[in-house]
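Laboratory data are not the source of any read-out in this text; all were calculated from the coordinates shown. Given the structure is predicted, the values throughout are model-derived calculations rather than measurements. For neighbour counting, all protein chains shown are included, and Cβ atoms are generated from backbone atoms with ideal geometry for every residue, glycine included.
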Amino acid sequence: MVPLPESSDTPVNGSCHSRVRTAVRLRSLLALCILWCQVCVCSGHARQGCSGLGPESAANVSYSKVYPVLNNGEATGLLILGFGGFSVLLALAFVAIRKHVFHDANNLDTAFDAGGKVSTSLTAVTVASQLLWPGDLLQSATVAIKNGIAGSFWYSTCCVINMILFPVLSVQFKIRAPGAKTFLQVIYARFGQGPHLVFCFFALLMNTVVSICLLTASTAILKALVKDANDEYCIIIMATLFGSYSFVGGLGSTFYVSYFNAAIIFICLVVFTVRVFYSGDAGAIADLYAKVSCLEGPEGNEEGSYLTFWSQGAIIWAVQGFFATASITFCDQASWQSRIAAKPVQGVLGFFAATYIWFAIPSTIGTTLGLGYLAKTVGAGNDSILQLDMADIDSGLVTVFMAQIEMGTVGSYLVLTMLMMAVMSSGSGEVMAVSSIIVYDIYQTHINPFNKKRQSSSRCLLCGDLKQEQVSKLDQDDGLRNSYEAQHAQYCQCVPATECALCFQDLERLVSERGLNKQRVYMCELHGDYRSYLDSLVTFKSWCILWVTILLIPLGLVTLATGVDLNYVMMVGFILTTPSFPPALMTVLWTKTSGIGVTVGGLSGFVGGIVANLIMASTFEGGLGNFLQNTSQDYAVLAGSSTAFGMSLVLTIAVSLCTNKIRTSNDALIEWQKARDIDNPLKPWSDTFKEEFPQLREGEKPTYDELDKVFRTAKLVAYIGGFVSLTLFVVLIPGIMATLHVLSETEFEIWVVALQIWAVVMALVVVVVTPVEEVLTIIRQIRSNMKKGRAGDHTGSLRCVTRDSKPHETIPLNVES
């Protein structure tokens, strides 16, 4: 608006005064005309761009649709032979490298921990890929449309908090339960059968919710891009992709596939960014800002603008995202598997790197494709508006729609590749997670244990005697030193399998009979039965992966039949899993956590969250009769999530304080010794740390203090890295964003460019650093093998043992382990 002239005390004559008044009136009239034109233009743009998002101008809106680019046959060939075949080849490559270079054994533990020595960068891209669901790729743009630039930012910021905290927990997990393959095994070792079954339920429920998210997202994409694709076709295709390479390569195959998944996502992200901001129809950053700034934003946003970080809806969505990712990060076995597969320092660094990698993707996609979509709705004075209806938006099709608008058919193929690879990475992780829970925590623990009388982790599975570490803890306490148990304890003297002559002969015979399809028979009386038992578990594992994959089909079909979409599952589903987060966290961190405490806290939070959600939903128009819509309202979801979390946390602490039996420091040592005793007698966890403890004899384990000393570097990295990352993501970046209100063009350009630089740097880390580190690791291992002459050679004494006798014969031999 043109300013009025400043007042002056200088006297003027009458004619001058009249001319001045006339000039002032003319300039004021001109200013009002200019202001009116600006208001008309902006309101016209708002009507063209934003009113189409609501029902009031539906008559003037011509809704667009994502158009299919493939028929059923082409899609089947691309997905099954293309993606599936490529993934199987990667799985076979991983198995070959681990077998011939690292000499990993083909056993049950290797199938679920990938050898336990995965590199830092490979851990990072795998964690980022498995936590980067299609929901994040799709819903980040949806949230940006509904809440503006604040939507994807606050969601990403709250989600990474859990990723930052997880390395601290994982270090404690590795120190206190280095032999555990699932977090549920720690619950069983500490609290027994009842709490363990409760959290098996929560863990499987978590995997079910995540799988439903993956299936609904992938079905929406396939039905949009594949002509005449129905629900049955989509679910069968996705189930096949989930289970194919997991069946071939176990957990390890997911690492290589996750690398290609992350690399493809970042390549597509860079391409979309260039198209939208630098060569697309939406124009440069300034042009996009001009169009979006004219739109009328959500009511909860400051000044009703899409270009502000002050957004009520975005904050609510972010809190919901925090609760959802908390339960995913800490209670999804898929997250634990990736962490268990790496050594301490590598695992910590990998999770921190995954945090920075993950943050770049949803925040950039939301800003690029979400705001790009809003700019498209402004139009150019046309009567019709290029936009999707709300059903398609809630299904997460904005990302696909923008890819088609900007790049046509090529964009469709790019986004299909990106999303299908993301689905495969996350889905295979869930298949392996469910399979490991069924094998380790249900079948091996409750249905068919090796020996029910020796199920206690403090007793040797082979002989049933008390483990030596447990006896030493009993002897340390003056009050127990003269007790009957301490005086009469029979502790295990079993010979390690790597020093057993009969085991060597058994393994040598198996190598010579390989390919003859003979039934495995073991002659060693001490270790043979347990080897046969593990062989049966390997077979059961394969069947388990197959049946879990098949069960995804009815799960997906039933879910789709209920009419729920991706938006509903992501908002409401995690109310059910949030109460498992506080008990799982305190099981690993707090000595005084009790079995009664975690059971009461978890179940009470579960019931309380559902009740709170239903009560709040009943207050909206239509009540529970409009069930799907009202139970997914922002405040209903927030009430359910916060109630579930709060009740679970408070009751777990309160009940544990009243029911725990920890009275002395020795009680605490014995409590954590239960977790340290989780082990495989044929492949003890101490073998993983031979490089750190070369002085230990075969079968001997490092003490808690020795292990804590070795992990000191990892703990320092976790604490310092966690502090720096939390300061960055919780204080620094949000603090800066909170000082900004409605962004100016310069502020918006700085933010967009900063995100783009972040995304490009992370793309270089993923695409370049990861394969370089993996290749260097393989080369170092090959050189190490060459120096040894033959990898795995061990010169020493073998002892021939029987089940009922002490070692009675020593045979010096060179043995290949």
Item checked: Charge sum, other residues only, whose C-beta stays under 11 Å from Lys146's C-beta, Lys/Arg counted +1 and Asp/Glu -1 -> -2
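Compute the relative contact order of region 568-671 as a whole-number percentage, counting only Cα pairs closer than 8 Å that sit 6 or more residues apart in sequence.
Once normalised by length, the contact order is 40 percent.
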Check: Put a dot 7 Å past each Cα toward the Cβ at Leu546 and Leu716; how far apart are the dots in nm?
Finding: 5.1
Next item on the list: Mind sorting His196, His741 by how few other Cβ atoms lie within 10 Å of their own Cβ, fewest first?
Entry: His741, His196
Checklist line | Distance between modelled label sites at Leu624 and Asn71, nm, 7 Å Cα→Cβ extension | finding: 4.9
Check: Roughly how many whole Å is it from the C-alpha centroid of region 538-597 to that of region 702-769?
Finding: 29
Next item on the list: Quickly rank 142-153, 661-672 as a protection proxy: mean count of other C-beta atoms within 10 Å, highest first.
Entry: 142-153, 661-672
Check: Counting other Cβ atoms within 10 Å, which chymotrypsin sites (Phe, Trp or Tyr not before Pro) in region 536-574 have at most 14 and lie in a DSSP loop?
Finding: none
Check: Sorting Asp228, Asp465, Asp136 on the 10 Å Cβ count, fewest up front, what's the list?
Finding: Asp228, Asp465, Asp136
Item checked: Sparse-neighbourhood loop sites, GluC sites (Glu not before Pro) in region 683-738 - DSSP loop, at most 10 other Cβ within 10 angstrom -> Glu691
Check: Cross-link list Lys99/Lys227; Lys227/Lys541; Lys174/Lys223; Lys65/Lys291; Lys174/Lys541: which exceed 32 angstrom alpha carbon to alpha carbon?
Finding: Lys99/Lys227; Lys227/Lys541; Lys174/Lys223
Note to self: At a 10 Å Cβ-Cβ cut-off, how would you order Ile610, Ile365, Ile235, fewest neighbours first?
What the structure shows: Ile610, Ile235, Ile365
Notebook entry, point to check: Under a plain spin-label model, where a point goes 7 Å from the Cα along Cα-to-Cβ, how far apart in nm are Cys658 and Val274?
Noted result: 6.4
